[in-house]
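The values are calculated or read from the model by the stated rules, or taken from the named source; none is laboratory data. Fair warning: this is a prediction, and the values are worked out from it, not measured in the lab. No Cβ is skipped: glycine too gets one built from the backbone with ideal geometry, and neighbour counts run over all protein chains shown. To get the accessible areas, we keep the full protein, side chains included, count just its heavy atoms, and leave off ligands, DNA and RNA. Shrake-Rupley method; radii C 1.70, N 1.55, O 1.52, S 1.80 Å.
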Amino acid sequence: MSKAVRVDVMEGARIAFFSLGANRMRTVLTTVGIGIGVATLLAIIGIIQGLNASFDKQLASLGSNTLQVSKFPWVIKGDWWMYRNRKNFTLPQVEQIRAQAPFIAAISPIVGRNGDVGFNGQQLSTVDVFGVTQEYFAIGSWQVMSGRSLTDADNAVTRPVAVIGATVAEGLFPGINPLGRSIRIDGRPFQVVGTLARKGKLLERDQDLAVMVPFKTFYSTFGKGRPFSISMAVDQGQDIRKAEEQLVGIVRRVRGTPPGAPDDFSINRPEQLAQTYEQLTGALYGVALGVGFITMLVGGIGIMNIMLVSVRERTREIGIRRALGARKRTIVVQFLMEASAVSAVGGLLGTIVGLGTAKVVSLITPLAADVQAGTIMGGVGFAALVGLLFGIWPAARAANLDPVEALRYE
Amino acid sequence: MSQVNGAGSPRLIDVQDVTRVFHVGGEEVRALRGVSFGISRGEWVAIIGQSGSGKSTLMNVLGCLDTPSSGRYMLNNKDVSHMTDDELAVVRNEEIGFIFQTFQLLPKETALSNVELPLVYRGMRAKERRERARAALAKVHLEHRMHHRPNELSGGQRQRVAIARALVAEPSMLLADEPTGNLDSATGEEIVRLFEELHRAGNTLVLVTHEPKLAARCPRAIRLSDGEIVADGPGRQVALGDLHAPPAQAAGGS
Ligand SMILES: Nc1ncnc2c1ncn2[C@@H]1O[C@H](COP(=O)(O)OP(=O)(O)O)[C@@H](O)[C@H]1O
Ligand SMILES: [Mg+2]
């Protein structure tokens, strides 16, 4: 460091530090202004990061190597009727797909409905009732907690048995072992043969408010005509995108789709949900940045005002320093350091308040706030930068004072 | 023009035909109308004149706080009339020690910190700075007050802190603008005694005053009137019009 730079920085820092303590009221006011900006920004970012983290967890619960072939896409773009007119899949097609796609580790048809599930006078509504085969449990990453899973035998002889999700088990059987009990699904009796480990929420939907019954039992109980989808898991280590590409050709062949015609089915991946989710939070981020920008602008103008007052109050001091040999640059550095130091303190307080807010939000709402260390550093650094920027004009004014006039100032 | 010291030593100050014109609302105020003089090392010169005669303006130019509108000002063999702002700041730091009527101390800093300030801008390390500031305060007999703030000191003590600050960086000259103006006569006398001490120690002193009695105690005085030099000679003679004054040098010691 050259001598001149050392003088500028050391003395600037000393004066800035000194003046923070000497002008407490001013420091507090500036700090509050910038702190509010940082706090707002951080609270919003914290909540978004929390959303992201929980969404990632939810997506992971679907399994990263799963695909679903269906009449309907998960994310419907355009006309729903267009998809409705597609032909339904058939069970032989499921077997043909399995035979032609060597990269498939497990495959199962899946059909679902919303139903009321009751036991002993207790009733749960809007329960997801799925008709699946034995293989589905591996595809959907469902762990059996107690009892057993569904078997091919259950399916073959259309046994009225059910494996129930954790929310259903807790809701209908508080303190009771559900195994062997008879529940009613939309009035039809099913015997509970197993319970499932909790998977958690997916996009605010409780995945554990679900009941699994054998695929064929589902149809024989709740009627035919309902279209089913085909869930599958690809081999570990298999590139899911390549698998998807190959699958398109296989499914077209199996369904006899004429060459040149558009696909008459959809291949769904959890990642597609992620894209929709990102579009959604992208907009949120935009709003957050806008709000943050405006609050920082307000805070920055506050700093500028207070620095201008500070320059006026210290006109004589500036004159004295100039007379004793301070160069313009030294004065500029002094005021810039002061402005950014005040702002950084504000940023730090704002960070604490912002994190606190995010924490409180995550405690009293289902949103889970999650702030990363980088965000905190960013908050303080950004505040200091705002102080620096808005300090430029006051600092330049201080440096450009005529020393003779400044010494005469009362 | 008088030159007190021997012709051999180069002049510390050489002012040639310096003017300073202010523009106030379209009107020209000619505060200095072409002044020329020299000051050698070790001299003690009073600048006197009525209020508005241009004393402070001259003082600001000599102190490199202001630059002449025309003319040439050589300080320590450097032409400072056309220097940039930053160059002037360096010259002020190295060549000039200011003493103001209103002391101009930083109110929130201790006497010691105030005295250190010129050395801070010279880039001196803290330890050496503190030692020198202490020594300078000792020269003005204020070692025992160095940790006091200005508002804990009397007027005379404050001015002595200011003098220590002016001395600390060992400048080529001390410039004092009405240094006793805000002090009662007894305290003012203390300060004048201190100046006499500094003069005997070999410092170059320029003292702006409107008090003829004070100017009379200086070996040399320059009288300004309406922006022009109207007299330049032994202090007693110029200040009191006493043509039979004893040689100025003798007046200092008593
Ligand atoms: N910054 C300035 N702007 C305009 N006029 C000034 C300024 N400084 C001094 N003057 C004028 O110059 C003249 C000399 O002023 P000054 O040097 O302060 O006199 P003194 O110190 O002898 O009282 C006065 O007429 C004064 O009004
Ligand atoms: Mg004056």
Share of the protein assembly as shown's accessible area from carbon and sulfur, percent, 1.4 Å? 57
Cα extents of segment A:150-293 per principal axis, largest first, Å, are 56, 52, 32
Per residue, how much accessible area does chain B have with a 1.4 Å probe, in Å²? 43
Just to confirm my numbers, what's the Cα centroid distance between segment B:133-199 and segment A:104-169 in Å? 95
In deg cm²/dmol, rounded to the nearest 500, the helical mean residue ellipticity at 222 nm of the protein assembly as shown, built from -39500 (n - 2.57) for every DSSP H run of length 4 or more, is -16000 deg cm²/dmol
Which of the residues in segment A:287-329 lose at least 40 Å² of accessible area when you go from the chain alone to all protein chains together (probe 1.4 Å)? A:Arg316, A:Ile320, A:Arg321, A:Arg322, A:Ala323, A:Leu324, A:Gly325, A:Arg327
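On average, how much accessible surface per residue is there in segment A:96-155, in Å², for a 1.4 Å probe, leaving out ligands, DNA and RNA?
44
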Net charge (Lys, Arg +1; Asp, Glu -1) of residues whose beta-carbon lies under 12 Å from that of B:Ala166, B:Ala166 excluded, is +1
Using θ = phi - 60° and the Karplus curve 6.51 cos²θ - 1.76 cosθ + 1.60, what whole-Hz ³J(HN,Hα) does each residue of segment A:278-285 get, with Gly and Pro shown as x? 5, 4, 5, 6, x, 4, 4, 4
Per residue of B:117-125, how many C-beta atoms from partner chains lie within 10 Å of its own C-beta, taken as a mean? 6
Give, ordered by residue number, each residue of segment A:13-55 whose 1.4 Å probe accessible area is reduced by a minimum of 30 Å² on adding the remaining protein chains to the chain alone. A:Arg14, A:Phe18
For the interface of chains B and A, what total accessible area is buried with a 1.4 Å probe, rounded to the nearest 100 Å²? 2300
Return the subset of A:Lys3/B:Lys108; B:Lys78/B:Lys139; A:Lys328/B:Lys127; A:Lys87/A:Lys216; A:Lys199/A:Lys224; A:Lys199/A:Lys359 for which the Cα-Cα distance in this structure is over 28 Å, preserving the input order. B:Lys78/B:Lys139; A:Lys199/A:Lys224
Give the peptides B:156-165, B:102-111 in descending order of average Cβ contacts within 10 Å, highest first. B:156-165, B:102-111
Can you give the % of DSSP beta bridges in the protein assembly as shown that are antiparallel, to the nearest 5? 70
